[in-house]
Amino acid sequence: MDDTNEKGQNFLFQPPTAPGSGASDPAFASSHTQETMRPPVVTPAVEVEQETSNEEDQNEPQMERSVIKFGRQEYAVGLFWQPLQDVDDPIHEIRETMESDEGANLYAIHYGRAPQYGIGKKSKGHQEGQIVAGISVLDALSDKSSFVAVFKVEEGWWFIAVRNDLILPEEDVLYKNENEAKDAFFSMMAVPDWGYKIAPDSWHIDGTEEMDLEELIKNTFQARLLSLSAARGTKILLAIAALILLLVAVIVYLVIFLLDKATQTPTKIAPVIPQATIKTVEPTREEEKPWEKLVEVNPFLERCWSYAYQMKSMQVPGWSLNQITCTPQGISTGWNKSWTPGGRIAWLTAAYDEYKFVEVPSINESGTSATISIKFDDLPIVASTPTLSIARIRRELTDISQAINLPIAMSVQQITVGTATPEQQKAAQAAGQPVPAGKTYKYLTFSFSSSYDPPAWESFFDKFAALELVKIEYNPQSSSALSNNWKYEGRIYEK
């Protein structure tokens, strides 16, 4: 990272300059070290401004086509890929990348464990509606977090490199020359720990496997390229539909209001008759059970993983990220200055200005540490009635522990709700009434450590009713994604 500005380091990737130039730098590949499992991919239509016209498309300089074809189906390859920082509103990132690369006019978004977007060009033969081959391969090899592959196709040799579920920026290339494809493949061998290697058998490379690309991706998710103007039409139609529904609702309300007013009979004023004062007795309010307001587990897992991943992906020179802790109330972590001669506060604040997903952290007076605390105010709350006894819960967890060879620590504890406050106790004693006693509920606590990230445990936690996740801890400094860098703590209430 040689270029700097007044705010600090520039943390954005640069647009492509030559095929295969990005992933040959091991520093890039090692900056994203998280073993993940992939959820379904979605390529939503998003609103961006129209950048090109049909006349401009015809005038664009023609490059070699980066399109492969199986039968009548065309697949787009040779896209420029970037990690997606703002998954809620990616338009700003996409627009900036396109403006910095002349001729970029098509895009596709991959929402997965590591969200990213790819930029295409009509001058390379890309067209709106073409299936993106890179996303299809990611879906087909969703169990492989990192892989490097060369597929022999009719058009040449298609090379793609994926590291920690991210297609490397300039490593999606269709080579017409076999030697160039070999050179690209061997250059990636300088990067260690590839989980999977795919290459033609004729190359005779140990540890590789040849695969038929058409068979591999024919039943996978098909994300397609979108033009810059495609989303605007969809947004306008949705706005018009919403306006029509609003107008219909207003008209219906006015009609009902007028009919109701027309049918009302004159109000008769009844004489006022003094009534005896009746003292109402408030019914005893039943205390809320602890499992009637639990934070829903799956959204909590997704939120914790998403924020933890984004924080880990921020590479700030001279600063190291501390342990990340998630609770149903929010996420917290911190940074420590690790590079005495060169670490600067400006570099840390510049990183947060670039990513823009959290506020700038609080920095201590000496400028050697910073802390971050983000509240989770919008996680859904659910009620989940317990269905199992403590003994049955323990037996189920023990069986799972034995099945997957994962130690799970367990202990029985209890919680009391509805206990009287000191003021209520004094009032009851003064009135000669018994002090209200709270009600006690038992639950089984559990904790375990794993290399799998939070979304991978959704199906496990779904097996139990009245389950509450209390805390998730993540160690971003782990030297390997295969180590137990995630720790989960929770409780399951008994029936």
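The values are calculated or read from the model by the stated rules, or taken from the named source; none is laboratory data. The model shown is predicted, which means the values in this text are computed figures rather than measured ones. Don't worry about glycine lacking a Cβ; one is built from the backbone with ideal geometry, like all the others, and counts go over all protein chains shown. Accessible surface is based on the protein model in full, side chains and every heavy atom, while ligands, DNA and RNA are left aside. Shrake-Rupley method; radii C 1.70, N 1.55, O 1.52, S 1.80 Å.
Given Lys293/Lys439; Lys124/Lys182; Lys144/Lys182; Lys121/Lys218; Lys122/Lys312; Lys293/Lys442, which pairs have Cα atoms separated by over 26 Å?
Correct reply: Lys122/Lys312.
Using per-residue counts of other Cβ atoms within 10 Å, averaged over each peptide, order 63-72, 245-254, 165-174, 201-210 from highest down.
165-174, 63-72, 201-210, 245-254
Rank these by accessible area, largest first, 1.4 Å probe: His92, His110.
Sorted descending by solvent-accessible area, the residues read His92, His110.
Picking from Gln413, Gly334, Gln424, whose Cα lies most toward the positive end of the charge dipole for the range 290-429 (charges on Cβ: Lys, Arg +1; Asp, Glu -1)?
Positive-end residue among those listed: Gln413.
Please compute the contact order of the range 378-495 in relative form: average sequence separation of alpha-carbon pairs under 8 Å and at least six residues apart, divided by the residue count, as a percent.
33
What does the net charge come to around Leu444 if you take all other residues with beta carbon closer than 9 Å to its beta carbon, with K and R at +1 and D and E at -1?
Once positives and negatives cancel, what remains is +2.
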